[in-house]
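**Q** Pasting a structure here, questions to come.
The values are calculated or read from the model by the stated rules, or taken from the named source; none is laboratory data. In this text the structure is predicted, and so the values were computed from the model without any measurement. Backbone-built Cβ (ideal geometry, glycine too); neighbour counts: all protein chains shown. These accessible areas exclude ligands, DNA and RNA; they are computed on the full protein's heavy atoms, side chains included. Shrake-Rupley method; radii C 1.70, N 1.55, O 1.52, S 1.80 Å.
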Amino acid sequence: MKPPVFDYLAPRSVAEAAELLRAHDGEAKVLAGGQSLMPLLAMRLARPSLLVDLGRIPELDYVREDGGVLAIGAMTTKTTIERSPLVRERQPLFHEATRLIGHPQIRNRGTVGGSMAQADPAAEYPAAAIALGATMRTARPEGERSIESANFFLSALTTALGPGEILTEVRIPFLPRGTGWSVLEFSRRHGDFAIAGTVVTLSIEAGRISSARIALFGVAATPLRVTSGEDALVGERPGQAAFETAAQKARMATEEPLSDLHASGEYRRHLAGALVGQALAEAAARARGTL
Ligand SMILES: Cc1cc2nc3c(=O)[nH]c(=O)nc-3n(C[C@H](O)[C@H](O)[C@H](O)COP(=O)(O)OP(=O)(O)OC[C@H]3O[C@@H](n4cnc5c(N)ncnc54)[C@H](O)[C@@H]3O)c2cc1C
């Protein structure tokens, strides 16, 4: 199918884009890499009368350290992130999450802002964002604001972005030195969206787990943080017993797992537990410096 007729504008600044979106309130849509939006247009599931392309706004394309966090402009492609030495060395978890997204062709065009704004339940970046405590910076006619990732993903394909609000930057705290991490997912074929996946971090002090973060993706409408599993780990010795307890909490946290033609809810719940147990073991090995 072909998309319905739409107008196309390519502003050169965020201010200009925000003004265009305000002037076409409710009728315009932002275009980033187009990897999710173009298929939706072609299937006529989205029918904006105007596309506001952010692709000609250089101020949205960067990866840098800023105030002790990793700051990534919303229009930065996944390939740029994948190739960034800063991301690979200082936030290897995000580097690994990037490598798991689709195929090189998709990463060449798809942007970090597009993935966050699209909020696909099976996407890697939203889960990485909540595991790492990322913050979303936005621009709207009333001014800028910051949204904690914990408050950003509201439901499947729905975020806290208001009408005409532009996601401008994703801010990701660096992991403290010595913190282990893991990103694992299960998909039918390499490059497919995950059926289920997990992002974990783990710190060990004096032989005991001092902090942990567990996020799941692909199992619920939004990325799911498993705080019960995190709490169960703190103070325990890193090992099979503690990891299995956390894995069980992850299974229980997926109360109403997604069920579709790719996998049943029960299978997704099973995967959530299996992946969390495996990821925690991997993160512990990284924390000890043995991986
Ligand atoms: C074959 C295939 C496989 C894929 N596999 C994966 C995968 O394994 N994992 C994964 O996570 N993704 C996957 N994707 C999706 C891909 O990562 C997309 O790049 C991403 O979902 C959207 O990013 P985009 O830059 O292309 O955004 P677009 O498609 O241009 O936009 C997506 C949505 O976000 C809005 N938007 C975009 N940028 C902004 C912004 N800055 N501010 C406000 N709103 C904005 C748009 O209006 C639109 O509603 C796959 C896509 C394809 C086609």
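**Q** What's the carbon and sulfur percent of the stretch 58-173's accessible surface, probe 1.4 angstrom, rounded to a whole number?
**A** Carbon plus sulfur share of accessible area: 46 percent.
**Q** Another question about this same structure. With every protein chain left in place and a probe of 1.4 Å, what is the accessible surface of Phe186, to the nearest 10 Å²?
**A** About 80 Å², rounded to the nearest 10.
**Q** Next question. Kindly express, to the nearest 10 degrees and within the range 0 to 90, the angle between helix 240-253's C-alpha long axis and the longest C-alpha principal axis of the chain.
**A** Its long axis makes an angle of about 40 degrees.
**Q** What's the longest piece of the chain with no exposed trypsin sites (Lys or Arg not before Pro), counting a site as exposed if DSSP puts it in a loop and it has at most 14 other beta carbons within 10 Å?
**A** The answer is 45-176.
**Q** Sorted by accessible area (1.4 Å probe), largest first, how do Tyr62, Tyr125 line up?
**A** Details: Tyr62 35, Tyr125 0 Å².
Putting Tyr62, Tyr125 in descending order of accessible area: Tyr62, Tyr125.
**Q** Would you calculate, for the chain, the mean residue ellipticity at 222 nm contributed by helices, counting each DSSP H stretch of 4 or more residues as -39,500 (n - 2.57) and dividing by all residues, to the nearest 500?
**A** When only DSSP H runs of four or more count, the value is -10000 deg cm²/dmol.
**Q** Then there's this: Helix 265-288: angle to the longest alpha-carbon principal axis of the chain, degrees 0 to 90, nearest 10?
**A** Relative to the chain, helix 265-288 is tipped by roughly 70 degrees.
**Q** Given a 1.4 Å probe and heavy atoms of the protein chains only, how would you sort Glu244, Glu144, largest accessible area at the top?
**A** Numbers: Glu244 80, Glu144 155 Å².
Most to least solvent-accessible, the answer reads Glu144, Glu244.
**Q** Could you put Met75, Met38, Met136 in order of accessible surface area, largest first, with the 1.4 Å probe and the full protein assembly present?
**A** Largest to smallest exposure gives the sequence Met38, Met75, Met136.
**Q** What translational D, rounded to a whole number of µm²/s, comes out for the chain from Stokes-Einstein when the hydrodynamic radius is the Kirkwood one over Cα pairs, at 10 °C and 1.306 mPa s? Don't jump to the answer; show the numbers that get you there.
**A** On the way: Rh = 19.5 Å.
Diffusion coefficient, whole number: 81 µm²/s.
**Q** Right, next: Using +1 on the beta carbon of Lys and Arg, -1 on that of Asp and Glu, and nothing else charged, what's the dipole of the stretch 163-288 about the Cα centre, debye to 20? Could you put the intermediate results ahead of the total?
**A** Numbers: 14 positive and 14 negative charges, 85 e Å.
That gives the stretch 163-288 a dipole magnitude of about 400 debye.
**Q** Keeping the other protein chains in place, figure out the carbon and sulfur percent of the accessible area of the stretch 196-278, with a 1.4 Å probe.
**A** Carbon with sulfur: 50 percent of the solvent-accessible area.
**Q** Is the C-alpha gyration tensor of the stretch 213-274 telling us rounded, prolate or oblate? Criteria: a/c under 1.5 is rounded; beyond that, a/b larger than b/c is prolate, otherwise oblate.
**A** Prolate shape, in that a/c is at least 1.5 and a/b is the bigger ratio.
**Q** Give the accessible surface of the stretch 58-173 per residue, rounded to a whole number of Å², with probe radius 1.4 Å and ligands, DNA and RNA excluded.
**A** Here the residues of the stretch 58-173 average 40 Å² of exposed surface.
**Q** Relative contact order of the chain: what whole-number percent is it, with Cα pairs under 8 angstrom and at least 6 residues apart?
**A** Once divided by the residue count of the chain, the mean separation gives 15 percent.
**Q** In whole Hz and in residue order, list the ³J(HN,Hα) couplings for the stretch 201-212 that follow from phi through the Karplus curve 6.51 cos²θ - 1.76 cosθ + 1.60, θ = phi - 60°; x for Gly and Pro.
**A** 10, 8, 10, 10, 10, 6, x, 10, 6, 9, 7, 8
**Q** In square angstrom, what is the accessible area per residue of the stretch 180-288 with a 1.4 angstrom probe? Don't jump to the answer; show the numbers that get you there.
**A** Numbers: 4960 Å² over 109 residues.
The answer is 45 Å² per residue.
**Q** Relative to the longest principal Cα axis of the chain, at what angle does helix 14-23 sit, 0 to 90 degrees, rounded to 10?
**A** Roughly 60 degrees, rounded to the nearest 10.
**Q** Now for a different question. Find which of Ala150, Ile172, Leu100 sits farthest along the positive direction of the dipole of the chain, computed with +1 on the beta-carbon of Lys and Arg, -1 on that of Asp and Glu, about the Cα centre.
**A** Leu100
**Q** Does the stretch 70-225 come out rounded, prolate or oblate, given a ≥ b ≥ c as the square roots of the eigenvalues of its C-alpha gyration tensor, rounded meaning a/c under 1.5 and, failing that, prolate meaning a/b above b/c?
**A** Note, shape of the stretch 70-225 comes out rounded.
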